[in-house]
Structures are given as C-alpha cells and as structure tokens.
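Below you'll find the structure, written out as structure tokens, and then a few comments.
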Amino acid sequence: MSDVKLPLTGEAEIDRIHQEEVERLRNLLEELKSGSDTQIGEAFEAFIAHMDSHFSYEEDLMQGLTGYMMAELHKGEHYKVISDARYRLMQWHQFHDRFDLEDYLIYEFTPWLSQHISSMDIPMASLVQTQERE
Ligand SMILES: [Fe+2]
Ligand SMILES: [Fe+2]
C-alpha cells in the first residue's frame, strides 16, 4: 500500500488532507497485519474520524463557492462512503474479520478515493482557485 498515488487537486490544503488520509489508511493496514483487535478498532476509528473532518472541510469550502452545481452530488458521495465505512466498523466490532476489512480498504475504499478526487475534488478545487483570483 506504500504505492498509493492519489491525483492532486492543486489546492494545497485539500492535497495535504488527502495525504493525511492515506497515512491513516496505511496505519490501519499496518495494524491489520500485526496489531490486536483493539488496535485495529482504534486505527479504524481514527481513519473514519479523519474522513469525517476531510469531508466537512470540503463541504465548508463548497458553501463559499458561487455556481458550484455539483455540491449535492459531491456531498452525496461523501455521505454514502462514510455511512458505508461506519457500517464496516460496526461489522468489525462484531466479527473481527481481518480479511474482509483489508479487502474493503484496498479494493473498495482506495479506488473510490482516487476516482472521487478526479471526478469531484479536482473540478471543485479549480473553481476555488478561479474564484480566489477574482
Ligand atoms: Fe477529498
Ligand atoms: Fe470530496
């Protein structure tokens, strides 16, 4: 997982947050290899908390934009993904299935994040930059 390369938005703070999220993800995957169930649960909670502040940051940013037509769709994707992650956390606490959690993180969450940055975050960031210049 050390090779996760996310697309850059060009907005320094958003890119920093995305990088930080990958760090949390790496940490969780590390715990999945060698940590205890409690350590995994904590790393998963930290990962979700980060996701929550990441999405809030972007949603606050959208509020300040004029004519951003994708706001509802963008927020909708955030909501869907964090709800799913919370459901996975619940399942983790119930079953402690390491294989299932790793599978979700690598094959569902990571490709989603990369795709979401390209389709949602990058167009939003370029609108932010245009409007900052005005
Ligand atoms: Fe983002
Ligand atoms: Fe986003």
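The values are calculated or read from the model by the stated rules, or taken from the named source; none is laboratory data. From a predicted model like this one, the values you see are computed outputs, not experimental measurements. Here Cβ is always computed from backbone atoms with ideal geometry, including for glycine, and neighbour counts include all displayed protein chains.
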Seminar exercise, completed: Taking region 66-77 and keeping residues within 11 Å of M124 (Cα to Cα) and either touching a helix residue (DSSP H, G or I) at 6+ places or on another chain (Cβ under 6 Å) or within 13 Å of ligand 2 (Cβ to nearest atom) (or both) leaves Y68, M70, A71, H74
Exercise. If you go through region 1-22, how many residues are at pLDDT 95 or above, surrounded by fewer than 17 Cβ atoms within 10 Å (Cβ to Cβ) and among the acidic types (D, E)?
Worked result: 2
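Just to verify a result, which residue in region 72-88, among those that are among the hydrophobic types (A, V, I, L, M, F, W, C) and surrounded by 16 or more Cβ atoms within 10 Å (Cβ to Cβ), is farthest from S119 (Cα to Cα)?
So the first thing to find is which residues in region 72-88 are among the hydrophobic types (A, V, I, L, M, F, W, C), and the list is 73, 81-82, 85.
Still in the list and also surrounded by 16 or more Cβ atoms within 10 Å (Cβ to Cβ): 81, 85.
On the way: V81: 15, A85: 20 Å.
Ranking the candidates gives A85 first.
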Problem set entry | Residue within region 23-36 that is loosely packed, with under 15 Cβ neighbours inside 10 Å and under 14 Å from T110 (Cα atoms) present | yes
For this session: Scan E58, E31, E42, E102 and give me the residue that is out of contact with any Phe, Trp or Tyr (no Cβ under 6 Å at 6 or more places or on another chain) and closer than 29 Å to M124 by Cα.
Result: E58
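If you take just the helices (runs of 4 or more DSSP H) that sit entirely in region 35-122, which of them hold at least 1 residues that are farther than 22 Å from K5 by Cβ? Steps first, answer last, please.
Working: elements: 37-63, 71-95, 98-104, 110-116.
Once the helices (runs of 4 or more DSSP H) in region 35-122 are filtered for at least 1 residues that are farther than 22 Å from K5 by Cβ, what remains is 37-63, 71-95, 98-104.
Among the residues of region 60-78, count how many are within 27 Å of G41 (Cα to Cα) and over 11 Å from the mean Cα position of the chain (by Cα). Walk me through it before giving the result.
Of the residues in region 60-78, the ones within 27 Å of G41 (Cα to Cα) are 75-78.
Going one step further and asking which of them are over 11 Å from the mean Cα position of the chain (by Cα), we end up with 75-76.
Number of matching residues: 2.
Condition check ((1) touching a strand residue (DSSP E or B) at 6+ places or on another chain (Cβ under 7 Å); (2) in contact (Cβ under 8 Å) with a residue 12 or more places away in the chain; (3) away from ligand 2 (no atom under 11 Å from the Cβ); (4) charged (D, E, K, R)) across all residues:
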| position | (1), (2), (3), (4) |
| --- | --- |
| L29 | no, yes, yes, no |
| L32 | no, yes, yes, no |
| K80 | no, no, yes, yes |
| E102 | no, yes, yes, yes |
| F109 | no, yes, yes, no |
| I122 | no, yes, no, no |
| R133 | no, no, yes, yes |
